[in-house]
1. Calculate, for residue 58 and residue 137, the FRET efficiency according to 1/(1 + (r/R0)^6) with r their C-beta to C-beta distance and R0 30 Å; round to the nearest 0.05.
2. So for the pair residue 32, residue 107, with labels modelled 7 Å out along Cα→Cβ, what separation do we get in nm?
3. So how much slack lies between residue 151 and residue 125, counting 0.36 nm per residue of separation and subtracting their Cα-Cα distance, in nm?
4. Please compute the length gained on full extension between residue 19 and residue 74, using 0.36 nm multiplied by the number of residues separating them and subtracting their Cα-Cα distance.
5. If the chain between residue 81 and residue 49 were fully stretched, how many nm would it gain, using 0.36 nm times the residue separation less the Cα-Cα distance?
6. Highest first, please rank the peptides 13-23, 35-45 by the mean number of other Cβ atoms sitting within 10 Å of their residues.
7. Quick one: which of 54-60, 83-89 comes out on top by average Cβ neighbours within 10 Å, and what's the full order, highest first?
């Protein structure tokens, strides 16, 4: 079964944050520098006490939502509910996107049967270590990162929550299943 065809006219990046002042501003600036013009960044400040989100340059393309200890998953969902893009990207406040990152993710999302995509994840402290998705490795639900399986996009059991993208249509469909 193929997923429905969607057009990608606007990207919304949702950044849930709690006390990430040291990296938040540079992440938002790097996202702004690499996103196409018709994009938005939604920072969900989940009750930070470090003031980092308050120093962001809020504009039409960068919005700040204040939350009260939702936790990362619910903060992502709340940001998604306020997003207007056809594609939703969920990014932690300590990522360093490179030029062209969104084109690669959208190209992968445009393939049949692809509902969500994520990039290679590298540690900021140890950039030579890479993860290409991950999986459960035992009955105790411990996880392990997967190695590279090729040069083209390929399926993985789980994407890292720190940086992934999906069409809004897929998120809405999955939310409808959860509510059913």
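What follows draws every value from the coordinates through simple rules; no lab data is involved. For clarity, every value in this text was computed on a predicted model and none was experimentally measured. Cβ: placed from backbone, ideal geometry, glycine included. Neighbour counts: every protein chain shown.
1. 0.10
2. The modelled label-to-label distance comes out at 2.8 nm.
3. 6.9 nm
4. Gain on stretching residue 19 to residue 74: 18.2 nm.
5. 9.1 nm
6. The most tightly packed comes first, giving 13-23, 35-45.
7. With the highest mean Cβ count within 10 Å placed first, the list reads 83-89, 54-60.
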